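One structure is given below, encoded as structure tokens.
Each value in this text was obtained by applying a stated rule to the coordinates, not by laboratory testing. Predicted model only: the values in this text are computed from it and were never measured. FYI the Cβ positions are ideal-geometry reconstructions off the backbone, even for glycines, and counts take in every protein chain you see.
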Amino acid sequence: MHILVSACLLGEPCRYDGGSKPCAAVRSLSDGGHVLHPVCPEVDGGLPTPRVPCEVVESSTDARVVSARGVDCTDAYRSGARHAVEAAQREGCSVAVLKAKSPACGSGRIFDGTFSGVLRDGWGIAAAALRDVGVRVVDEEHVANLGL
Ligand code: SF4
């Protein structure tokens, strides 16, 4: 199976702080014969590394992504999401394993937009775009749920 993966989970130092979040459970998927396709929607959207962290701020009509300094970065996140969808479709990925809680990659739970460490129900911009085109998205804490 071809699986789209958050690059930081494979050890790529692409996080906002210049670090990574390598995950053994994700890396071991390739041992089972699966082909992993790394993407980083924030970098692919044109944001630098390191960068000021962002969170998703939702109103009743819109979702914006705003940095901790108040800069609206929504366009970059949307561009990164388009890149992720194109990569999934090009590589034939029906499943994506994406980093939990991220404003780009989070699936189901993300930070609430107040930069206070509080989580709420919601989706990162790229994860939601992938979900909306039929890709099954899980985070690294639920790899086992895939039954692969
Ligand atoms: Fe990792 Fe996704 Fe953030 Fe890139 S955008 S650093 S892949 S969580």
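A few remarks follow.
- Shape of the stretch 1-40, Cα gyration tensor, a/c cut at 1.5: oblate
- 3J(HN,Hα) from dihedral phi, the stretch 15-31, Karplus parametrisation 6.51/-1.76/1.60, rounded to Hz, x for glycine, proline: 6, 4, 9, x, x, 9, 9, x, 10, 4, 5, 6, 4, 6, 4, 5, 5
- Using only alpha carbons, the chain has a radius of gyration to Kirkwood radius ratio (Rg to Rh) of 0.95.
- Rounded to the nearest 10 degrees, the inclination of helix 74-91 to the longest alpha-carbon principal axis of the chain is 10 degrees.
- Listed residues 102, 94, 116, most fluctuating in the chain (Gaussian network, C-alpha, under 10 Å): 116
- Per-pair calculated FRET efficiency, R0 = 30 Å: residue 1 and residue 62 via Cβ, rounded to 0.05: 0.30
- Taking the chain, the Cys residues with no second Cys beta-carbon under 4.7 angstrom are 8, 23, 54, 73, 93, 105.
- Residues 114, 61 arranged by fewest to most Cβ contacts within 10 Å: 61, 114
- Label-point separation, residue 35 to residue 90 (7 Å along Cα→Cβ), nm: 1.3 nm
- About the centre of its Cα atoms, the stretch 37-148 shows a dipole size close to 60 debye [charges on the beta carbon of Lys, Arg (+1) and Asp, Glu (-1) only; nearest 20 debye].
- Relative contact order computed over the stretch 105-148 (Cα-Cα under 8 Å; 6+ residues apart), in percent: 34 percent
- Relative contact order [Cα under 8 Å, 6+ residues apart], the stretch 1-140, whole percent: 24 percent
- Bins of 5 Å from zero: percent of alpha-carbon pairs in the stretch 1-88: 3, 14, 20, 21, 19, 12, 7, 3, 1
- Ordered by the count of other Cβ atoms within 10 Å of each Cβ, fewest first, 16, 77 give 16, 77.
- Estimated from helices alone, the mean residue ellipticity of the chain at 222 nm is -6500 deg cm²/dmol (sum of -39500 (n - 2.57) over DSSP H runs with n ≥ 4, per residue).
- For the chain, a Gaussian network of Cα nodes joined below 10 Å ranks 98, 29, 130 by mean-square fluctuation, and the top entry is 29.
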